[in-house]
Amino acid sequence: MSSEVTTAVRRIVVLGGGSAGWLTAATLAAELGGDGPDALQITLIESPDVPAIGVGEGTWPTMRATLQRIGISEVDLIRECDASFKQGSCFDGWLHGGASDRYYHPFTLPHRFGDVDLAGAWLQGGREQGFAESVGAQPHLCDAHLAPKQTTTPDFGGVMNYGYHFDAVKLGHLLRRHATTVLGVRHVVDHFTAVRSHENGDIAALATRAHGDLEGDLFIDCSGLACLLLGQHYGVGWRSEKGVLFNDSALAIQVPHADAQAPLASATIATAHAEGWTWDIGLPTRRGIGLVYSSSHTDDAGAERALSAYLERCGLAQAAAAPRRIRFSPGYREHFWHRNCVAVGLSAGFIEPLEASALALVELSAAFIRDEMPANRADMDLIAQRFNDAFAYRWSRIIDFLKLHYVLSRRDDADYWRDHREVGTQPQSLRDLLQLWAHRAPSRNDFYRNEEVFPSASYQYVLYGMQFKPTVRPLRANQLAAAEAGMKDVPTISRRLLGAMPRHRDLIQHIREHGMPAATS
Ligand SMILES: Cc1cc2nc3c(=O)[nH]c(=O)nc-3n(C[C@H](O)[C@H](O)[C@H](O)COP(=O)(O)OP(=O)(O)OC[C@H]3O[C@@H](n4cnc5c(N)ncnc54)[C@H](O)[C@@H]3O)c2cc1C
């Protein structure tokens, strides 16, 4: 056995200082770093010449546990990253584009989910009200621009489930400061130039311009879309998903609020247009807005016109500077962990920002590496195989879920929408699920792995939000009675919360000025 195989894994080198690099370095350092004899030494290399992508401003609720375990307080996040609370997504115009075409995918599960079948009762009833509004209070709070927590709710606690909206560049600064000053991550600002290899093909060191060779036992490739180690050095292939999800371009812009005291949205607003869709994210001091489109369907000039029209509709056209164009190739790597190198973040893959799953995959990847940190090189290939299996599965679940939004659309104003519905562009796994869901609601039997990326409730919100009409077996009388009783709770709970929750903007201002109670462990 060569010495590399038996060597303990101690030195971790992260290439890249975007959100993926810093989240991964901090996740590892918080629990595996330090001064002890077994502690890992973590080095992060960041090029002074290549900026981080600087977008990625919407997260899932998972970010709360991630930050808490890293040791960053929610108050610091709110104060330093211009952060606000995100309670889910609001989809505008996705079904047919007419008036009243709007639904929510909130983060909070339907009332008494898993206990009584509200979806069954809603499907069986008159469906006068939208699904999400009928099964939970969160859409009502979002409509009223209220917060998911109160001034007395502790750090990371919620009355409703929530994630964040934040300034991605400022998040990078906060993570960097915390990782380097509190968690002991070594930060090397230098340009990586070449890989030095062991005889067996493992990476031995990364050569840099000014700091020489930085040696390591495990290398984490967070170099962004360039994917310098896994892609460029090892040549691990790219699995394109352009034939399923066509978007490959985005125009991004930041604009001040029309009125500094304007109500602050606590959902990402995703609006469909003939040319693609816009995201609209409300931070306390500005809005982050962007158009996502397919270059095969819309040229850049058409995309700019669509973005301008949206800004005009929002009364923001005057304040808008030129948007920034971002190109990406939708897809992911054939595998993610190869030899002693694992890709996390954009280097592992990127599809499109609908449902904001990219940072959640970074969190899951970093947590997997932390929890399964190989004791030595001999264990690494087994762990790599598990990682590759887990994340290939997650990517395919994300693709199914994103594609669902397009497959259910009845928009007929552009080939973009019609092509997305073509059966040949739909993954077989999604078609199978849709066949089953024609006769029953999505259930936990459909998604049974640990840490599924989207629970069955998420599929219910999208399916019924987009008026998918299954023919389900009627509930038995006792099931129906229990579900109807559950459904009757919702207006009562909603009224109580509408009276009790603070305005989102007011809560953010309060936290900035006074902080919030510490989390109880
Ligand atoms: C339009 C758009 C919208 C998005 N919206 C969301 C969202 O709402 N929610 C979400 O979760 N995600 C979103 N994402 C994805 C999100 O932006 C990324 O997942 C996240 O920012 C992580 O990026 P990264 O760190 O992998 O790459 P990057 O930010 O590109 O970082 C790459 C790093 O590698 C370094 N590097 C590159 N070359 C070298 C070199 N030679 N030597 C040394 N260092 C080098 C760079 O300096 C940089 O620090 C969005 C993405 C796009 C494109």
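So here's what we get for this one:
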item	result
Cα-projected label distance for Arg186 with Ala319, points at 7 Å along beta-carbon direction, nm	4.5
Helix 19-32 vs. the chain, principal-axis angle (Cα, 0 to 90°, nearest 10)	70
Zone residues, the stretch 102-117, relative to Arg444, backbone N less than 12 Å from point 7 Å out along Cα-to-Cβ	113-116
Mean Cα-pair separation over length for the stretch 47-151, i.e. relative contact order, pairs under 8 Å, 6 or more apart, %	18
For the stretch 431-487, size of Cβ-based charge dipole, Lys and Arg +1, Asp and Glu -1, in debye	220
FRET efficiency, Glu199 to Gln41 (Cβ-Cβ, R0 22 Å, nearest 0.05)	0.40
Cα long-axis angle, helix 504-514 against the chain (0 to 90 degrees, to the nearest 10)	40
Residue-averaged [θ]222 nm for the chain, counting only DSSP H segments that reach four residues, each worth -39500 (n - 2.57)	-11000 deg cm²/dmol
Percent RCO, i.e. relative contact order, over the stretch 213-325, from Cα pairs under 8 Å lying at least 6 residues apart	27
Estimated dipole of the chain in Debye, rounded to 20 [Cβ of Lys and Arg +1, of Asp and Glu -1, Cα centre]	980
Heavy atoms of Ile493 accessible to a 1.4 Å probe, total area in Å² rounded to 10	50
In Å², nearest 10: area of Phe192 left accessible to a 1.4 Å probe	30
Pairs beyond 25 Å (Cα-Cα), from Lys149/Lys469; Lys149/Lys170; Lys86/Lys170; Lys170/Lys403; Lys149/Lys403	Lys149/Lys469; Lys170/Lys403; Lys149/Lys403
The chain: relative contact order in percent, alpha carbon pairs under 8 Å with at least 6 residues between	25
Between the stretch 211-290 and the stretch 462-521, the Cα center-to-center distance that results, in Å	29
For the chain, share of DSSP beta bridges that run antiparallel, in % to the nearest 5	70
The stretch 422-521: GluC sites (Glu not before Pro) in DSSP coil with no more than 13 other Cβ atoms inside 10 Å	Glu422, Glu451
Degrees separating the helix 456-465 axis from the principal Cα axis of the chain, which is the longest one	50
Mean-position separation - Cα centroids, the stretch 369-384 and the stretch 78-126, in angstrom	39
Charge dipole (the chain, unit charges on Cβ, about Cα centre) - positive-most of Phe192, Ala30, Met63	Met63
Residue-span extension gain [Arg10 to Gln261] - 0.36 nm each, minus C-alpha spacing	85.3 nm
Solvent-accessible surface (1.4 angstrom probe) belonging to Asp413, in square angstrom, nearest 10	80
Cα lying deepest toward the dipole's positive end in the chain, options Val236, Ala441, Gly424, charges on Cβ	Ala441
At R0 = 35 Å, FRET efficiency that the Cβ-Cβ distance of Ala65 and Glu484 yields, to 0.05	0.50
Solvent exposure of the chain as accessible area per residue, Å², 1.4 Å probe	41
Carbon plus sulfur fraction of accessible area for the stretch 21-125, probe 1.4 Å, in percent	49
Size of charge dipole - the stretch 47-201 - debye, nearest 20, with Cβ of Lys, Arg +1 and Asp, Glu -1, no other charges	400
Thr425-Ser329 FRET efficiency (beta carbon distance; Förster radius 25 Å; 0.05 resolution)	0.90
Full-stretch length increase - Ala500, Ala99 - with 0.36 nm per residue and alpha-carbon distance subtracted	141.3 nm
Inter-site label distance for Glu372 and Trp238 at 7 Å from Cα along Cβ, in nm	2.5
Difference of contour (0.36 nm per residue) and Cα-Cα distance, His173 to Leu225	16.7 nm
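The values are calculated or read from the model by the stated rules, or taken from the named source; none is laboratory data. Please read all numbers here as calculations on a predicted model, not as lab measurements. With ideal geometry, Cβ positions are generated from the backbone for all residues, glycine too; neighbour counts draw on all protein chains shown. We work out accessible area using only protein heavy atoms, side chains counted, and drop any ligands, DNA or RNA first. Shrake-Rupley method; radii C 1.70, N 1.55, O 1.52, S 1.80 Å.
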